[in-house]
Amino acid sequence: MSLLERLAETHAASPAAARLKAALLFHGVSYDPCLAEAGVWAFPSHMPYQLQPGELSHNHETRFSIPQIVRLDDDTQFRLRVKRDSPFVVRPDASERRFVLHEGEEPITGLTFEPKLAWADALTADGTPMRSSGLVQHGDMLVLNVAPGCEYFVVPREGLSSPTREGLSSPTREGLSNKTENLSCTFCLYGVPDQRMDALGQKLYERGVPEATLARVAEAARHPETHARHLYLVGGSMLKMADEGERYLQIARHLAEAGLTDRYYVACGSGAITRHHMEALKDAGVRGACFNMEVWDPAQFARVCPGKNKVVGRDRWIAALEEAAEVFGRDHVMSAFVGGVELEGEGAMGSLEEALESNIAAGEFLIPRGVVPVYSMFWKVTGKTRDVEPTYSLELFLRLNEALAALRAKYDRKVNPEFFCRRCAYMELEPDYDFA
Ligand code: SF4
(Lines give C-alpha, C1' and ligand atoms only; values in the text may rest on other atoms or scores of the structure.)
Protein backbone atom coordinates (compact mmCIF):
# COMPACT_ATOMS: atom_id res chain seq x y z
CA MET A 1 0.00 0.00 0.00
CA SER A 2 1.38 3.44 -0.89
CA LEU A 3 1.86 6.17 1.69
CA LEU A 4 -1.01 8.21 0.21
CA GLU A 5 -3.34 5.19 0.23
CA ARG A 6 -2.47 4.52 3.84
CA LEU A 7 -3.07 8.14 4.81
CA ALA A 8 -6.43 8.08 3.00
CA GLU A 9 -7.45 5.19 5.24
CA THR A 10 -6.09 6.51 8.51
CA HIS A 11 -6.96 10.19 7.97
CA ALA A 12 -10.23 10.16 6.08
CA ALA A 13 -11.23 13.32 7.99
CA SER A 14 -8.50 15.27 6.20
CA PRO A 15 -9.02 16.59 2.64
CA ALA A 16 -6.89 14.68 0.10
CA ALA A 17 -5.04 17.92 -0.77
CA ALA A 18 -4.08 18.45 2.87
CA ARG A 19 -2.92 14.84 3.27
CA LEU A 20 -0.73 15.14 0.19
CA LYS A 21 0.72 18.48 1.28
CA ALA A 22 1.47 17.18 4.78
CA ALA A 23 3.15 14.10 3.32
CA LEU A 24 5.28 16.29 1.05
CA LEU A 25 6.22 18.66 3.85
CA PHE A 26 7.25 15.74 5.98
CA HIS A 27 8.91 13.44 3.42
CA GLY A 28 9.98 15.96 0.79
CA VAL A 29 10.86 14.70 -2.68
CA SER A 30 13.93 12.77 -3.73
CA TYR A 31 16.45 14.58 -5.90
CA ASP A 32 15.93 14.66 -9.65
CA PRO A 33 18.08 16.73 -12.06
CA CYS A 34 14.97 18.60 -13.23
CA LEU A 35 15.09 20.45 -9.90
CA ALA A 36 18.49 21.88 -10.82
CA GLU A 37 17.19 22.94 -14.24
CA ALA A 38 14.12 24.58 -12.69
CA GLY A 39 16.39 26.40 -10.24
CA VAL A 40 17.43 28.67 -13.11
CA TRP A 41 14.00 30.28 -13.50
CA ALA A 42 12.16 29.46 -10.29
CA PHE A 43 12.14 31.52 -7.12
CA PRO A 44 15.24 30.05 -5.45
CA SER A 45 15.42 28.16 -2.18
CA HIS A 46 16.97 29.95 0.82
CA MET A 47 19.84 27.48 0.84
CA PRO A 48 21.51 26.09 -2.30
CA TYR A 49 21.19 22.35 -2.79
CA GLN A 50 24.37 20.37 -2.22
CA LEU A 51 24.60 17.23 -4.32
CA GLN A 52 25.04 14.01 -2.39
CA PRO A 53 27.62 11.36 -3.35
CA GLY A 54 26.36 9.42 -6.35
CA GLU A 55 24.22 12.27 -7.77
CA LEU A 56 25.31 13.59 -11.16
CA SER A 57 26.67 17.14 -11.24
CA HIS A 58 24.61 19.82 -12.93
CA ASN A 59 26.57 21.91 -15.47
CA HIS A 60 29.70 20.75 -13.60
CA GLU A 61 28.32 22.25 -10.37
CA THR A 62 27.68 20.29 -7.19
CA ARG A 63 25.94 23.13 -5.34
CA PHE A 64 23.19 25.20 -6.98
CA SER A 65 19.78 26.76 -6.51
CA ILE A 66 16.65 24.67 -6.61
CA PRO A 67 13.07 26.02 -6.44
CA GLN A 68 11.69 27.20 -3.12
CA ILE A 69 7.97 26.68 -3.62
CA VAL A 70 6.00 24.01 -5.48
CA ARG A 71 2.56 24.81 -6.87
CA LEU A 72 0.35 21.79 -7.59
CA ASP A 73 -2.34 21.90 -10.25
CA ASP A 74 -5.11 22.36 -7.68
CA ASP A 75 -3.28 25.44 -6.26
CA THR A 76 -1.89 23.63 -3.25
CA GLN A 77 1.56 24.98 -2.57
CA PHE A 78 4.33 23.88 -0.29
CA ARG A 79 7.98 24.44 0.40
CA LEU A 80 10.23 22.12 -1.53
CA ARG A 81 12.39 19.88 0.58
CA VAL A 82 14.76 17.32 -0.91
CA LYS A 83 15.16 14.10 1.07
CA ARG A 84 16.97 11.18 -0.41
CA ASP A 85 14.68 8.50 1.01
CA SER A 86 11.42 10.20 -0.01
CA PRO A 87 8.78 8.06 -1.74
CA PHE A 88 8.00 11.10 -3.91
CA VAL A 89 9.83 12.39 -6.96
CA VAL A 90 9.21 15.26 -9.39
CA ARG A 91 9.84 14.49 -13.06
CA PRO A 92 9.64 16.76 -16.11
CA ASP A 93 6.48 16.82 -18.20
CA ALA A 94 6.39 17.34 -21.97
CA SER A 95 5.71 21.08 -21.83
CA GLU A 96 7.96 23.82 -20.55
CA ARG A 97 7.94 24.55 -16.82
CA ARG A 98 5.54 21.66 -16.26
CA PHE A 99 6.32 18.66 -14.07
CA VAL A 100 4.61 15.60 -12.63
CA LEU A 101 4.72 14.46 -9.03
CA HIS A 102 5.04 10.69 -8.59
CA GLU A 103 4.81 8.46 -5.59
CA GLY A 104 7.10 5.67 -6.69
CA GLU A 105 6.11 5.11 -10.31
CA GLU A 106 2.54 6.30 -9.79
CA PRO A 107 1.81 9.79 -11.21
CA ILE A 108 -0.07 11.87 -8.64
CA THR A 109 -0.56 15.35 -10.07
CA GLY A 110 0.91 17.98 -12.37
CA LEU A 111 2.81 20.89 -10.91
CA THR A 112 5.05 23.83 -11.52
CA PHE A 113 7.30 25.94 -9.33
CA GLU A 114 6.76 29.47 -8.16
CA PRO A 115 8.75 31.55 -10.69
CA LYS A 116 11.10 34.45 -10.06
CA LEU A 117 8.98 37.51 -10.70
CA ALA A 118 10.07 40.62 -12.56
CA TRP A 119 10.19 42.78 -9.44
CA ALA A 120 12.90 40.62 -7.88
CA ASP A 121 15.33 41.45 -10.70
CA ALA A 122 14.36 45.13 -10.94
CA LEU A 123 16.25 48.03 -9.36
CA THR A 124 14.91 50.82 -7.20
CA ALA A 125 15.45 54.44 -8.26
CA ASP A 126 18.72 54.55 -6.29
CA GLY A 127 20.00 51.40 -8.00
CA THR A 128 19.34 48.92 -5.18
CA PRO A 129 18.14 45.49 -6.32
CA MET A 130 14.52 45.22 -5.17
CA ARG A 131 15.25 41.75 -3.82
CA SER A 132 17.65 43.41 -1.35
CA SER A 133 15.07 45.92 -0.14
CA GLY A 134 13.69 43.68 2.63
CA LEU A 135 10.93 42.13 0.53
CA VAL A 136 10.46 38.44 -0.29
CA GLN A 137 7.51 36.62 -1.81
CA HIS A 138 5.74 33.37 -0.94
CA GLY A 139 3.11 32.71 -3.57
CA ASP A 140 0.66 35.61 -3.35
CA MET A 141 2.08 36.98 -0.11
CA LEU A 142 4.81 39.59 0.08
CA VAL A 143 6.75 39.48 3.34
CA LEU A 144 8.30 42.79 4.32
CA ASN A 145 11.19 42.66 6.78
CA VAL A 146 13.25 45.84 7.06
CA ALA A 147 14.56 45.15 10.59
CA PRO A 148 15.51 41.46 10.64
CA GLY A 149 17.87 41.51 13.64
CA CYS A 150 16.11 40.22 16.74
CA GLU A 151 17.17 41.76 20.04
CA TYR A 152 16.32 38.56 21.93
CA PHE A 153 19.61 37.18 20.59
CA VAL A 154 21.52 39.96 22.34
CA VAL A 155 19.84 40.91 25.60
CA PRO A 156 22.29 43.10 27.58
CA ARG A 157 23.35 41.31 30.74
CA GLU A 158 22.92 44.42 32.87
CA GLY A 159 19.18 44.25 32.31
CA LEU A 160 16.42 45.03 29.89
CA SER A 161 15.74 48.60 30.95
CA SER A 162 18.63 50.51 29.41
CA PRO A 163 20.01 48.61 26.46
CA THR A 164 22.69 50.38 24.55
CA ARG A 165 24.56 49.51 21.43
CA GLU A 166 27.69 51.13 22.82
CA GLY A 167 30.51 48.62 22.74
CA LEU A 168 28.39 46.14 20.85
CA SER A 169 30.17 46.77 17.60
CA SER A 170 30.02 43.28 16.18
CA PRO A 171 26.38 42.30 16.10
CA THR A 172 26.78 38.56 15.83
CA ARG A 173 25.81 35.85 18.24
CA GLU A 174 29.48 35.19 19.06
CA GLY A 175 30.70 38.79 19.05
CA LEU A 176 28.18 39.87 21.63
CA SER A 177 28.32 36.86 23.85
CA ASN A 178 30.30 38.48 26.69
CA LYS A 179 28.06 41.50 27.11
CA THR A 180 24.73 39.94 26.31
CA GLU A 181 22.77 36.78 26.78
CA ASN A 182 20.99 34.91 24.06
CA LEU A 183 17.26 34.59 24.80
CA SER A 184 16.27 33.78 21.23
CA CYS A 185 13.71 31.12 20.44
CA THR A 186 15.45 27.76 20.32
CA PHE A 187 14.44 26.95 16.75
CA CYS A 188 15.26 30.34 15.24
CA LEU A 189 18.06 31.25 12.90
CA TYR A 190 16.45 33.93 10.79
CA GLY A 191 16.48 36.57 13.54
CA VAL A 192 20.24 36.43 14.13
CA PRO A 193 21.61 40.01 14.04
CA ASP A 194 23.96 39.93 11.07
CA GLN A 195 25.06 41.85 7.99
CA ARG A 196 21.48 42.07 6.68
CA MET A 197 20.96 44.79 9.30
CA ASP A 198 23.74 46.94 7.89
CA ALA A 199 22.32 46.78 4.38
CA LEU A 200 18.93 47.93 5.71
CA GLY A 201 20.31 50.44 8.18
CA GLN A 202 18.88 48.66 11.23
CA LYS A 203 20.59 49.42 14.53
CA LEU A 204 20.09 47.23 17.57
CA TYR A 205 17.93 48.82 20.30
CA GLU A 206 16.87 51.66 17.99
CA ARG A 207 13.29 51.50 16.85
CA GLY A 208 13.42 53.88 13.90
CA VAL A 209 13.79 52.50 10.38
CA PRO A 210 15.74 54.75 7.98
CA GLU A 211 13.38 56.58 5.64
CA ALA A 212 15.56 55.58 2.68
CA THR A 213 15.03 51.90 3.60
CA LEU A 214 11.27 52.41 3.75
CA ALA A 215 11.28 54.28 0.44
CA ARG A 216 13.12 51.40 -1.25
CA VAL A 217 10.90 48.65 0.10
CA ALA A 218 7.75 50.60 -0.72
CA GLU A 219 9.03 51.08 -4.26
CA ALA A 220 9.56 47.32 -4.56
CA ALA A 221 6.09 46.55 -3.19
CA ARG A 222 4.60 49.06 -5.65
CA HIS A 223 6.04 47.13 -8.61
CA PRO A 224 3.09 46.41 -10.93
CA GLU A 225 3.91 42.71 -11.34
CA THR A 226 4.09 41.30 -7.83
CA HIS A 227 0.86 39.29 -8.39
CA ALA A 228 0.44 39.44 -4.62
CA ARG A 229 -2.65 40.07 -2.52
CA HIS A 230 -1.23 40.06 1.00
CA LEU A 231 1.58 42.12 2.52
CA TYR A 232 2.84 40.75 5.80
CA LEU A 233 5.06 42.91 8.01
CA VAL A 234 7.63 41.05 10.09
CA GLY A 235 10.93 41.77 11.81
CA GLY A 236 13.12 40.94 14.74
CA SER A 237 11.68 41.55 18.18
CA MET A 238 12.62 44.51 20.36
CA LEU A 239 13.26 44.63 24.09
CA LYS A 240 10.37 47.05 24.67
CA MET A 241 6.85 46.40 23.41
CA ALA A 242 6.28 50.14 22.95
CA ASP A 243 9.37 50.49 20.77
CA GLU A 244 8.30 47.57 18.61
CA GLY A 245 4.83 49.08 18.23
CA GLU A 246 6.34 52.42 17.19
CA ARG A 247 8.57 50.72 14.62
CA TYR A 248 5.62 48.95 12.97
CA LEU A 249 3.59 52.12 13.07
CA GLN A 250 6.33 54.01 11.23
CA ILE A 251 6.41 51.26 8.59
CA ALA A 252 2.63 51.13 8.26
CA ARG A 253 2.28 54.89 7.86
CA HIS A 254 4.91 54.89 5.16
CA LEU A 255 3.10 52.09 3.32
CA ALA A 256 -0.21 53.94 3.64
CA GLU A 257 1.31 57.07 2.12
CA ALA A 258 2.55 54.94 -0.77
CA GLY A 259 -0.97 53.58 -1.36
CA LEU A 260 0.03 50.06 -0.37
CA THR A 261 -2.53 49.57 2.39
CA ASP A 262 -5.16 50.00 -0.33
CA ARG A 263 -3.49 47.65 -2.77
CA TYR A 264 -2.73 44.82 -0.31
CA TYR A 265 -4.25 43.25 2.79
CA VAL A 266 -1.55 44.45 5.20
CA ALA A 267 -1.04 42.45 8.40
CA CYS A 268 1.24 43.13 11.34
CA GLY A 269 3.43 40.15 12.23
CA SER A 270 5.21 41.79 15.15
CA GLY A 271 5.64 40.44 18.63
CA ALA A 272 2.94 41.34 21.16
CA ILE A 273 2.46 45.12 21.17
CA THR A 274 0.33 47.52 23.16
CA ARG A 275 -3.34 48.15 22.42
CA HIS A 276 -2.52 51.77 21.73
CA HIS A 277 -0.22 50.70 18.90
CA MET A 278 -2.74 48.18 17.55
CA GLU A 279 -5.32 50.95 17.30
CA ALA A 280 -2.86 53.29 15.62
CA LEU A 281 -1.89 50.57 13.15
CA LYS A 282 -5.53 49.97 12.33
CA ASP A 283 -6.01 53.70 11.78
CA ALA A 284 -3.03 53.58 9.40
CA GLY A 285 -4.73 50.90 7.30
CA VAL A 286 -3.33 47.66 8.76
CA ARG A 287 -6.11 45.08 8.69
CA GLY A 288 -4.81 42.03 10.53
CA ALA A 289 -2.39 40.95 13.25
CA CYS A 290 -0.39 37.82 13.92
CA PHE A 291 1.60 37.77 17.16
CA ASN A 292 3.31 34.40 17.12
CA MET A 293 3.33 32.42 20.36
CA GLU A 294 5.29 29.53 18.78
CA VAL A 295 4.42 27.11 21.61
CA TRP A 296 1.41 26.93 23.91
CA ASP A 297 2.38 25.00 27.05
CA PRO A 298 3.58 27.51 29.72
CA ALA A 299 6.72 25.59 30.71
CA GLN A 300 7.61 24.93 27.08
CA PHE A 301 6.94 28.58 26.18
CA ALA A 302 9.50 29.61 28.81
CA ARG A 303 11.99 27.01 27.57
CA VAL A 304 11.57 27.45 23.81
CA CYS A 305 10.91 31.22 23.75
CA PRO A 306 12.90 32.63 26.69
CA GLY A 307 12.97 36.13 25.18
CA LYS A 308 9.24 36.32 24.63
CA ASN A 309 8.71 34.87 28.10
CA LYS A 310 11.05 37.29 29.88
CA VAL A 311 10.38 40.46 27.92
CA VAL A 312 6.61 40.16 27.42
CA GLY A 313 5.43 37.11 29.36
CA ARG A 314 2.97 34.45 28.27
CA ASP A 315 -0.09 35.96 29.96
CA ARG A 316 0.59 39.38 28.44
CA TRP A 317 1.14 37.78 25.04
CA ILE A 318 -2.24 36.03 25.21
CA ALA A 319 -3.89 39.23 26.45
CA ALA A 320 -2.43 41.07 23.44
CA LEU A 321 -3.94 38.49 21.10
CA GLU A 322 -7.35 38.94 22.73
CA GLU A 323 -6.99 42.72 22.45
CA ALA A 324 -6.03 42.34 18.80
CA ALA A 325 -9.25 40.40 18.15
CA GLU A 326 -11.17 43.37 19.61
CA VAL A 327 -9.21 45.96 17.66
CA PHE A 328 -8.84 44.29 14.25
CA GLY A 329 -11.92 42.06 14.43
CA ARG A 330 -12.36 38.37 14.99
CA ASP A 331 -11.53 37.26 11.44
CA HIS A 332 -8.30 39.19 11.39
CA VAL A 333 -6.05 37.74 14.09
CA MET A 334 -3.80 34.71 13.99
CA SER A 335 -0.89 33.34 15.98
CA ALA A 336 1.67 30.98 14.49
CA PHE A 337 2.95 27.91 16.30
CA VAL A 338 5.76 25.52 15.52
CA GLY A 339 4.22 22.06 15.70
CA GLY A 340 6.44 19.67 17.62
CA VAL A 341 9.04 22.11 18.92
CA GLU A 342 8.00 21.22 22.47
CA LEU A 343 9.33 17.70 21.81
CA GLU A 344 12.83 18.83 20.90
CA GLY A 345 15.87 19.38 23.14
CA GLU A 346 16.65 19.33 26.83
CA GLY A 347 13.53 19.78 28.94
CA ALA A 348 11.25 18.64 26.12
CA MET A 349 7.82 17.17 26.70
CA GLY A 350 7.89 13.46 27.36
CA SER A 351 5.40 12.16 24.83
CA LEU A 352 3.83 12.85 21.45
CA GLU A 353 0.35 12.62 22.94
CA GLU A 354 1.18 15.27 25.53
CA ALA A 355 2.35 17.61 22.75
CA LEU A 356 -0.78 16.96 20.71
CA GLU A 357 -3.01 17.60 23.71
CA SER A 358 -1.24 20.89 24.38
CA ASN A 359 -1.45 21.96 20.71
CA ILE A 360 -5.19 21.26 20.67
CA ALA A 361 -5.60 23.14 23.97
CA ALA A 362 -4.19 26.20 22.18
CA GLY A 363 -7.01 25.95 19.65
CA GLU A 364 -9.65 25.36 22.32
CA PHE A 365 -8.58 28.52 24.11
CA LEU A 366 -7.81 30.83 21.21
CA ILE A 367 -10.36 30.00 18.51
CA PRO A 368 -13.48 30.95 20.52
CA ARG A 369 -11.72 34.22 21.36
CA GLY A 370 -11.30 35.10 17.68
CA VAL A 371 -7.64 34.10 17.31
CA VAL A 372 -6.78 31.38 14.79
CA PRO A 373 -3.69 29.34 15.67
CA VAL A 374 -1.74 28.21 12.60
CA TYR A 375 0.76 25.41 12.91
CA SER A 376 3.78 24.87 10.71
CA MET A 377 5.65 21.62 10.93
CA PHE A 378 8.92 21.84 12.84
CA TRP A 379 11.91 21.49 10.51
CA LYS A 380 15.05 21.31 12.53
CA VAL A 381 17.56 23.80 11.11
CA THR A 382 19.78 24.57 14.12
CA GLY A 383 22.25 22.58 16.21
CA LYS A 384 24.36 19.53 15.59
CA THR A 385 21.37 17.36 14.72
CA ARG A 386 19.96 19.75 12.13
CA ASP A 387 18.26 17.88 9.30
CA VAL A 388 17.62 14.94 11.61
CA GLU A 389 13.91 14.31 11.64
CA PRO A 390 12.27 15.64 14.80
CA THR A 391 10.10 13.30 16.80
CA TYR A 392 6.88 14.98 15.71
CA SER A 393 5.29 12.61 13.24
CA LEU A 394 3.26 13.08 10.10
CA GLU A 395 0.34 11.27 11.73
CA LEU A 396 0.46 13.62 14.70
CA PHE A 397 0.52 16.66 12.43
CA LEU A 398 -2.58 15.41 10.59
CA ARG A 399 -4.38 14.59 13.83
CA LEU A 400 -3.60 18.10 15.11
CA ASN A 401 -4.87 19.71 11.93
CA GLU A 402 -8.03 17.63 11.93
CA ALA A 403 -8.75 18.66 15.52
CA LEU A 404 -8.10 22.35 14.84
CA ALA A 405 -10.18 22.31 11.65
CA ALA A 406 -13.06 20.80 13.66
CA LEU A 407 -12.69 23.58 16.25
CA ARG A 408 -12.69 26.27 13.55
CA ALA A 409 -15.84 24.73 12.09
CA LYS A 410 -17.49 24.48 15.52
CA TYR A 411 -16.90 28.17 16.26
CA ASP A 412 -17.42 29.30 12.65
CA ARG A 413 -13.90 30.70 12.55
CA LYS A 414 -12.40 29.56 9.25
CA VAL A 415 -9.09 31.11 8.28
CA ASN A 416 -9.76 34.45 6.60
CA PRO A 417 -8.55 33.99 2.99
CA GLU A 418 -7.97 37.74 2.66
CA PHE A 419 -5.29 37.31 5.33
CA PHE A 420 -3.95 33.82 4.65
CA CYS A 421 -4.88 31.55 1.76
CA ARG A 422 -3.93 28.40 -0.14
CA ARG A 423 -1.68 30.43 -2.43
CA CYS A 424 0.49 31.70 0.38
CA ALA A 425 0.42 28.97 3.06
CA TYR A 426 3.47 26.95 2.09
CA MET A 427 4.32 25.42 5.47
CA GLU A 428 0.87 25.33 7.05
CA LEU A 429 -2.30 23.41 6.28
CA GLU A 430 -5.13 25.49 7.76
CA PRO A 431 -6.31 27.09 4.49
CA ASP A 432 -6.14 23.67 2.80
CA TYR A 433 -8.45 22.22 5.44
CA ASP A 434 -10.85 25.14 5.24
CA PHE A 435 -10.89 25.67 1.46
CA ALA A 436 -9.38 22.71 -0.46
S1 SF4 B 1 11.21 36.43 18.47
FE2 SF4 B 1 12.03 34.33 18.37
S3 SF4 B 1 11.34 33.53 16.37
FE4 SF4 B 1 11.13 35.78 16.31
S5 SF4 B 1 13.05 36.49 15.39
FE6 SF4 B 1 13.30 36.56 17.63
S7 SF4 B 1 14.23 34.63 18.19
FE8 SF4 B 1 13.42 34.39 16.09
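The values are calculated or read from the model by the stated rules, or taken from the named source; none is laboratory data. For clarity, every value in this text was computed on a predicted model and none was experimentally measured. No Cβ is skipped: glycine too gets one built from the backbone with ideal geometry, and neighbour counts run over all protein chains shown. Keep in mind that these areas ignore ligands, DNA and RNA; they rest on the heavy atoms of the full protein, side chains included. Shrake-Rupley method; radii C 1.70, N 1.55, O 1.52, S 1.80 Å.
Data overview
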{"item": "Distance violations [Cα-Cα > 21 Å] among 179/310; 240/414; 282/410; 240/310", "result": "240/414; 282/410"}
{"item": "Amide H within-cut-off set for residue 138, under 5 Å, with H built and near neighbours excluded", "result": "143"}
{"item": "Solvent-accessible area per residue, Å², over the range 182-325 with all protein chains present [probe radius 1.4 Å]", "result": "37"}
{"item": "Mean separation of Cα contacts under 8 Å, 6 or more apart, over the residue count of the chain: relative contact order %", "result": "14"}
{"item": "The chain: DSSP helices with Cα axial extent of at least 18 Å and average Kyte-Doolittle hydropathy no lower than 0.5", "result": "394-410"}
{"item": "Calculated SAXS-style log₁₀ I(q)/I(0) at q = 0.06, 0.08, 0.12, 0.14 Å⁻¹ - the chain, Debye, Cα scatterers", "result": "-0.24, -0.44, -1.07, -1.49"}
{"item": "For residue 82, distant residues with modelled amide H under 5 Å away", "result": "29"}
{"item": "Summed side-chain charge close to residue 362 - residues other than residue 362 whose Cβ falls under 12 Å, Lys, Arg +1, Asp, Glu -1", "result": "-3"}
{"item": "Accessible area of the range 3-113 divided out per residue, in Å², using a probe of 1.4 angstrom", "result": "48"}
{"item": "Label-point separation in nm, residue 182 to residue 279, each point 7 Å along Cα→Cβ", "result": "4.1"}
{"item": "Set of lysines near residue 116 by C-alpha distance (under 25 Å), chain-local residues within fewer than 8 positions excluded", "result": "21, 83"}
{"item": "Vicinal HN-Hα couplings computed from phi for the range 147-158 (Karplus, 6.51 cos²θ - 1.76 cosθ + 1.60; Hz; Gly/Pro x)", "result": "9, x, x, 9, 6, 5, 6, 9, 7, x, 5, 6"}
{"item": "Charge dipole magnitude, Cβ of K and R +1, D and E -1 - the chain, Cα centre, debye nearest 20", "result": "720"}
{"item": "Of all accessible heavy-atom area on the chain, the percent that carbon and sulfur account for (1.4 Å)", "result": "50"}
{"item": "Linear extension gain, residue 121 paired with residue 10, 0.36 nm per residue minus alpha-carbon span", "result": "35.4 nm"}
{"item": "Relative contact order for the range 4-105, counting Cα pairs under 8 Å that sit 6 or more residues apart, in percent", "result": "31"}
{"item": "Under the Karplus curve 6.51 cos²θ - 1.76 cosθ + 1.60, θ = phi - 60°, whole-Hz ³J(HN,Hα) for the range 420-433, x wherever Gly or Pro sits", "result": "8, 9, 5, 8, 10, 7, 10, 10, 10, 10, 4, x, 6, 5"}
{"item": "The range 54-147: relative contact order as a whole-number percent, Cα under 8 Å and 6+ apart", "result": "19"}
{"item": "Label-point separation in nm, residue 84 to residue 190, each point 7 Å along Cα→Cβ", "result": "2.8"}
